[in-house]
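Let me begin by presenting the structure, written as C-alpha cells, before commenting on it.
The values are calculated or read from the model by the stated rules, or taken from the named source; none is laboratory data. Worth saying up front: this structure is predicted, and the values here are computed from it rather than measured. Note that each Cβ is placed from the backbone with ideal geometry, even for glycine, and that neighbours are counted across all protein chains shown.
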C-alpha cells in the first residue's frame, strides 16, 4: 500500500478551497470558484499557486486551460535567467534577509557558494544598519503593498521544507493567518489531510455509497450525514486542560457518556487539536458521540503539544507518573540556564517539530549578537527571539543558539533515555519518529485510572503504534502488559518498540502487524479468542507521520481511498461487538 498525501483530484481541491479558505487570499490572487477544476489540474501539473492565480486573473476565469498554460509559459521564459536561484533566494528569505540583497549576493558569489552568500548578507546587514536599533524595523509588515509579506512567505517556505505542498502551505497561512506558529500551521495541514478523507466533507449525502465489504462480516461505523443546521462546531478551551491537570484544584470528576460508549473495552484516540471546522465533530460522531478532551502538554512538560482525545476511560482518581516532569526549559534542560539571556523571556518550547533549523540560521544568530558586545538592539533581540521560538532553539553557549537534539526531545516527550538511539537508526529518522509520537506524561495521566482496574495485567490493541508511546506510558504506570498487538507500518518504529520490549524485560507477548489491512475482522476475532479479548484499543493520528506513513491515508478497501481513522473505527467496533459475544457465551 502507498501513502497518498498529495491532492490528486479536483474534489480534493474543491474541499480545501470550500472549507479552509475563509476569504480570498488577495485581490491579485483571487480565483473564481468556476475555475476551481482548472486550478486543480494546473496544480497537479506542477505549477505554483501564485503563478496559476496570476495567469487566471490575466486571462479571465473563463479562459481555456491551454491559454492559461501559454501565459504561464511566458512567465517562465521571462524568468528563466533567475529561476535557478529560487530555492537559494527562498532559503535566505526564510532567515530574514531582504530579497534584493540576496539576489545581489548570488550574482557576486554564485548560487552554489552558500557560505559566501551568507557571510556577504551578514556583512551587508551590519554595514547598512539593518539590525540597528534606531531603525526599529517592523519584521511583520512590508513597506510595499505589491511585495509579498515576508512573514507569510517565510511560513510557506518552511512548511514546504517540511514536506508539505505549496498549495497546502498557502491555504494554511490564508486560513490561520500570518501570526500563527509553524507548529500550529503544520498541525492544521495534518488535520486537513485527515479531513479530506471524510466522505461527508466533499460528497453530497445523497451521493454517499457504503464502502464495499472486504470481509463477510464487515462492520462499518455510522456515517449519519450532518447538515449545517445542526452542526455545532466544537470550540477549543482556553486554557486547554481537559477534565483536569495535575496540581490544579479544579477537576471534572464525572461526565455523561452515551450508553453505547460505556466500557470496557476501553478506547483512546488522539488527534491534533487545531483541526479544521467539522473534523472533531466527525471524529466524535464516529466514536459513539463521545465529547473530546482537549489537553495541551505544556501542563505536563516543558513543550506545548495541543491534542484532543476521544475516550471512554474513567476520569476520576487520575494520578501523575513519578518523577514528575519539569515544566520549564531551564529545569528540563539545566545546562541552558547558564547561557540563557535575560532578554529571552521563553520558559517553554513550542510543539516539537520533525525538522531542525539550518546551520546558516544559528550562525546568523551568533554573528548578529557578537556584533554587539553589550546589550543587543531591540530589533536584533526581537528577530532572534522570533527565530528561537519558531525553531525551538535553546542557548548552549555565549551567543550560541542550537536546535534540540534527539536525547533532549526524548526527555521532553517522556520517553526513556536512548529510546530511539542505536540499531542503525539515523538522526533524521529519530527526529521524525519522535515528532510524531504521543507525549507520554499526558497519555499516562489519562491511562492511570486503569491501574486499579487491571492489577493482573492488561491486553492492548495498539493501532498506528509509532515508537510505542502508549506502551511506554503503561510501563511507567507499572501496569503489566499481558499482550500487546501492535500495528505499525514503519520498520524503524517497529524496531524501536521491539527493543523497548526486550530491554524492559516485559513478560507479556508482543504480536506485531505491519499493515492495518492485515487486521481483517476474522483476524481480530481470532486474536481476541487467543488472548482472551482486548481491554484497551489505543491509537491516533498525531501528525503526518513522516516516519511511519500510515497515520493519514493510503489506498485500501479494494482501491478506495481510506482514512486510517475509519480503520480505527472499524476495528474498535469489531472488538466491542466480539467482546459482548464472548461475555454472552
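Values as computed for the structure displayed
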{"item": "Of the criteria (1) assigned to a helix (DSSP H, G or I); (2) modelled with pLDDT under 90; (3) buried (at least 21 other Cβ atoms within 10 Å of the Cβ), which one residue 368 fails", "result": "(2)"}
{"item": "Some residue of the range 456-470 being touching a residue at least 12 places away in the same chain (Cβ under 8 Å), assigned to a helix (DSSP H, G or I) and crowded, with 17+ Cβ neighbours inside 10 Å", "result": "yes"}
{"item": "Condition met for residue 380 (crowded, with 18+ Cβ neighbours inside 10 Å, outside the structural domain of residue 283 (by TED's automatic domain parsing) and within 28 Å of residue 159 (Cα to Cα))", "result": "yes"}
{"item": "Test: residue in the range 283-305 that is under 18 Å from the mean Cα position of the chain (by Cα), farther than 27 Å from residue 479 by Cα and in the same structural domain as residue 273 (by TED's automatic domain parsing)", "result": "yes"}
{"item": "Residue list for the range 262-283, restricted to those being outside any loop (DSSP other than H, G, I, E, B) and at pLDDT 90 or above", "result": "266, 267, 268, 269, 270"}
{"item": "Enumeration of residues in the range 408-434 that are part of a helix (DSSP H, G or I) and either over 21 Å from the mean Cα position of the chain (by Cα) or surrounded by 15 or more Cβ atoms within 10 Å (Cβ to Cβ) (or both)", "result": "408, 409, 410, 411, 412, 429, 430, 431, 432, 433, 434"}
{"item": "Among (1) at pLDDT 80 or above; (2) assigned to a loop (DSSP other than H, G, I, E, B), the one test that residue 251 misses", "result": "(1)"}
{"item": "Unmet requirement for residue 288, which otherwise passes all of (1) touching a residue at least 60 places away in the same chain (Cβ under 8 Å); (2) farther than 28 Å from residue 114 by Cα; (3) crowded, with 21+ Cβ neighbours inside 10 Å; (4) in contact with a helix residue (DSSP H, G or I) (Cβ under 6 Å, 6 or more places away or on another chain)", "result": "(1)"}
{"item": "Some residue of the range 299-320 being buried (at least 17 other Cβ atoms within 10 Å of the Cβ) and on the phi > 0 side of the Ramachandran plot", "result": "no"}
{"item": "Residue 344 being outside the structural domain of residue 266 (by TED's automatic domain parsing), surrounded by 15 or more Cβ atoms within 10 Å (Cβ to Cβ) and touching a strand residue (DSSP E or B) at 6+ places or on another chain (Cβ under 8 Å)", "result": "yes"}
{"item": "From the options 382, 390, residue that is touching a helix residue (DSSP H, G or I) at 6+ places or on another chain (Cβ under 9 Å), closer than 27 Å to residue 185 by Cβ and either touching a residue at least 12 places away in the same chain (Cβ under 8 Å) or not in a helix (DSSP H, G or I) (or both)", "result": "390"}
{"item": "Conditions (1) in contact (Cβ under 8 Å) with a residue 12 or more places away in the chain; (2) touching a strand residue (DSSP E or B) at 6+ places or on another chain (Cβ under 9 Å): number failed by residue 522", "result": "(2)"}
{"item": "Matching residues, the range 306-340, being under 21 Å from residue 476 (Cβ atoms) and free of Cβ contacts under 8 Å to residues at least 24 places away in the same chain", "result": "322, 323"}
